[in-house]
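The values are calculated or read from the model by the stated rules, or taken from the named source; none is laboratory data. In this text the structure is predicted, and so the values were computed from the model without any measurement. Every residue, glycine among them, receives a Cβ derived from its backbone with ideal geometry; neighbour counts consider all protein chains shown.
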Amino acid sequence: MKARTAKLAGSGVGASREDSRDGLEAMRIERVIPQAGDPASSARSWVDDTSWPILKVTLPPYPTDDEIAQYLKILESYRNRRQPYALLIDLTHGRAFSPRQRKMQADYIREGLPISQIYLKGIGYVAESAMKRGAITAIYWLVKPASPSRIFPTRTEALDWLRLQLGC
């Protein structure tokens with residue numbers, strides 16, 4: 001068996017494929033741990049700005065509170081650019097946030113509302129399960145979103161909608 005391993009861009013997730021003798025591929029997803037004990041490094045790996053003004057975020061399965069705090073600081077730095085942008089938040093590999101993490105996110109949204117209402121043109125979530133859609137709803141029970149938001153089953157659909165929100 002041959003194995004190939006690749007890190008999914010900005011995701012903190014690695015994927016390896018194994019080719020068996022019969023030509024079939026098996027895929028194994030595993031968490032890639034950036035640098036032990038460095039929440040800032042870990043959170044940076046979740047954010048991809050190569051498609052700016054669309055900021056792509058891929059949340060990992062089990063973020064710590066410190067990683068969420070660092071992630072929100074990173075998002076704040078983009079918000080503080082005061083340029084039109086959109087967020088794609090991919091929850092494909094993510095799990096439900098703890099109540100504390102939901103509150104941290106709600107506080108971040110609330111504190112940045114005046115800026116986000118001007119510059120954040122849309123938030124597209126990728127969430128295939130009802131549980132993940134419910135987690136998004138739970139955050140928005142705490143605070144209303146600053147801009148239009150929608151939940152999509154695929155990244156492609158979310159990106160198409162975000163481009164429309166940005167007018168590109």
Of everything in region 59-75 that's under 21 Å from Ala127 (Cα atoms) and buried (at least 17 other Cβ atoms within 10 Å of the Cβ), which residue is nearest to the chain's Cα centre (by Cα)? Leu59
Checking the conditions here, which among Ala158, Ala146, Ala138 is closer than 17 Å to Ile54 by Cβ, of a type in the set (Gly, Ala, Ser) and more than 14 Å from the chain's Cα centre (by Cα)? Ala146
Evaluation of Pro84 against (1) surrounded by fewer than 13 Cβ atoms within 10 Å (Cβ to Cβ); (2) farther than 19 Å from Ile136 by Cβ; (3) in contact (Cβ under 8 Å) with a residue 24 or more places away in the chain (one fails), failing number: (1)
Within region 93-103, work out how many residues are touching an Asp or Glu at 6+ places or on another chain (Cβ under 7 Å) and buried (at least 18 other Cβ atoms within 10 Å of the Cβ). 1
Filter region 140-162 down to the residues that are among the charged types (D, E, K, R) and either within 20 Å of Glu128 (Cα to Cα) or not assigned by TED's automatic domain parsing to the domain that holds Arg110 (or both) and list them by number. Arg150, Arg155, Glu157, Asp160
Just to be sure, is Gly124 over 20 Å from Ala69 (Cα atoms), of a type outside the set (Val, Ile, Thr) and assigned by TED's automatic domain parsing to the domain that holds Tyr62? yes
Go through region 40-58 and count every residue that is buried (at least 17 other Cβ atoms within 10 Å of the Cβ) and farther than 23 Å from Leu113 by Cα. 2
Any chance you could count how many residues in region 49-76 are in contact with a strand residue (DSSP E or B) (Cβ under 9 Å, 6 or more places away or on another chain), assigned to a helix (DSSP H, G or I) and among the β-branched types (Val, Ile, Thr)? 1
Counting only residues that are of a type in the set (Lys, Arg) and buried (at least 16 other Cβ atoms within 10 Å of the Cβ), region 109-154 contains a total of 2
Among the residues of region 42-85, write down those that are of a type in the set (Gly, Ala, Ser) and touching a Phe, Trp or Tyr at 6+ places or on another chain (Cβ under 9 Å). Ser42, Ala43
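Table: residues versus (1) in the same structural domain as Pro148 (by TED's automatic domain parsing); (2) in contact with a His (Cβ under 9 Å, 6 or more places away or on another chain); (3) at pLDDT below 95.
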{"residue": "Thr58", "(1), (2), (3)": "yes, yes, yes"}
{"residue": "Glu67", "(1), (2), (3)": "yes, no, yes"}
{"residue": "Ser77", "(1), (2), (3)": "yes, no, no"}
{"residue": "Leu87", "(1), (2), (3)": "yes, no, no"}
Quick one: Ile118 ticks every box in (1) of a type in the set (A, V, I, L, M); (2) more than 15 Å from the chain's Cα centre (by Cα); (3) closer than 14 Å to Trp52 by Cα bar one, so which box is it? (3)
